[in-house]
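What follows draws every value from the coordinates through simple rules; no lab data is involved. Only a predicted model underlies this, so the values are computations on that prediction, with no experimental measurement involved. Counting neighbours? That spans all protein chains shown, and the Cβs are built from the backbone with ideal geometry, glycine included.
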Amino acid sequence: MDQLQIRLKRLGKKRLRTVPVKLSGPVADLDGLLRACVASEVARFNASREEPKFVSFLTPAEIGEQSKGGKVGFGQVNNPETADVETATEVALQAWKDGVFVVFVDDEEIKELTTPLSLDKDSIVTFLRLTFLTGTMW
């Protein structure tokens, strides 16, 4: 299996987003899954920084598609810096350890980085971002 579909969900939001993740090899545990997801997203992010945009207008279909995400724009990149895979991996692993998000594989929460995973093309992997309450009591 060289590609996996990851579902992204935020507490309190109805929208469920699905993102394809390219795997460079077999994933044995949660640590490997997180590393593969980060590497895939960093590669996609860096590619978007390098490809030039020549179209200076949006078609009605593009406007409709972008409006579903909540923002319509021309795709201009104001910050051309690329992301570093190692730094992004460290941040993602720390966020998981801090409980910023949880990971479910086939509706079962994975609670340890060393938990063995057996993923196939029908596996449902969900990343659930937890939302923390902010503000003051007064």
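Here are the numbers:
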item	result
Point-to-point label distance, Lys97-Lys13, nm (Cα→Cβ direction, 7 Å offset)	2.6 nm
Net charge of Cβ neighbours under 12 Å - reference Val19; Lys, Arg +1; Asp, Glu -1	+4
Residue-averaged [θ]222 nm for the chain, counting only DSSP H segments that reach four residues, each worth -39500 (n - 2.57)	-10500 deg cm²/dmol
FRET E, pair Thr114, Thr59, Förster distance 41 Å, beta-carbon r, rounded to 0.05	0.30
Listed residue pairs exceeding 26 Å between alpha carbons, taken from Lys71/Lys111; Lys22/Lys111; Lys9/Lys71; Lys13/Lys71	Lys71/Lys111
Label-point separation, Ala43 to Asp107 (7 Å along Cα→Cβ), nm	3.2 nm
Contour excess over end-to-end distance, with Cα ends at Lys22 and Asp2 and 0.36 nm allotted per residue	6.6 nm
Neighbour net charge for Thr114 - beta-carbon separation under 14 angstrom, K R +1, D E -1	0
Highest-MSF residue in the chain out of Ile124, Ile110, Ile63 [GNM, Cα springs under 10 Å]	Ile63
Most mobile of Lys121, Lys97, Lys111 in a GNM of the chain (Cα contacts under 10 Å)	Lys121
Listed residues Thr115, Thr89, Thr126, most fluctuating in the chain (Gaussian network, C-alpha, under 10 Å)	Thr115
For the chain, share of DSSP beta bridges that run antiparallel, in % to the nearest 5	75 percent
Crossing angle, helix 85-97 versus the chain [Cα axis fit, 0-90 degrees, rounded to tens]	50 degrees
Linear extension gain, Thr131 paired with Glu90, 0.36 nm per residue minus alpha-carbon span	12.7 nm
